[in-house]
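Enquirer: The structure under discussion is supplied below as structure tokens; questions concerning it will follow.
The values are calculated or read from the model by the stated rules, or taken from the named source; none is laboratory data. If you're wondering where the values come from, they're calculated on a predicted model, not measured in any experiment. Reconstructed Cβ throughout: ideal geometry from the backbone, glycine too, with neighbour counts over all protein chains shown.
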Amino acid sequence: MAMSRVLVAAGVLSMALGAAAAQATEIVVLGTTAAKEALIEIVPEFEHASGHKINITFGSGPVVLEKVRAGAAGDLFIGPDEFSDPLLKEGKLVAGSRVDFAIRGPASRCAPARRGRT
């Protein structure tokens, strides 16, 4: 989880900084619940460091998908390909703006312990 959190932080921060003006602004994020835990932890750190305010709306993937289709506006959409792909094809997300910044699943694996060796 720690590596995923770092990857999410790096992605969110780089996208937000690239999208935000030099002065403090509000950044609106529409996200699926898959990223909720990591974002709740890193967003206050980003807000403190940058002076920007992040306004996040979370929902299940299908709910967020339908909100965007219905016209919900935001600066960032954070969700898996299964939800972003249709929105890109429908023109609801900006073409060419996708940034893959997190990998789902274990970030690292431990080698099996060797018995009898010191």
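Enquirer: What residue, among those in region 46-61 that are in a helix (DSSP H, G or I) and touching a residue at least 12 places away in the same chain (Cβ under 8 Å), is surrounded by the most Cβ atoms within 10 Å (Cβ to Cβ)? Let's see the steps before the verdict.
Expert: Going residue by residue through region 46-61, those that are in a helix (DSSP H, G or I) are 46-50, 61.
Narrowing further to those that are touching a residue at least 12 places away in the same chain (Cβ under 8 Å): 46, 50, 61.
Details: F46: 18, S50: 16, G61: 16.
Once the filter is applied, the top-ranked residue is F46.
Enquirer: With (1) surrounded by 11 or more Cβ atoms within 10 Å (Cβ to Cβ); (2) at pLDDT below 90; (3) out of contact with any Leu (no Cβ under 6 Å at 6 or more places or on another chain); (4) of a type in the set (A, V, I, L, M) as the list, and A102 as the residue in question, which single condition is left unmet?
Expert: (3)
Enquirer: Then there is this: Please name all residue pairs, on different chains or six or more residues apart, with Cβ atoms under 8 Å, provided the first residue is in region 62-89 and is on the phi < 0 side of the Ramachandran plot and surrounded by fewer than 18 Cβ atoms within 10 Å (Cβ to Cβ) and the second residue is of a type in the set (V, I, T) and not in a helix (DSSP H, G or I).
Expert: Going by the 8 Å Cβ cut-off, the qualifying pairs are K67/T57; A72/T57; A73/V28; D75/I27; D75/V28; D75/V29; P80/T32.
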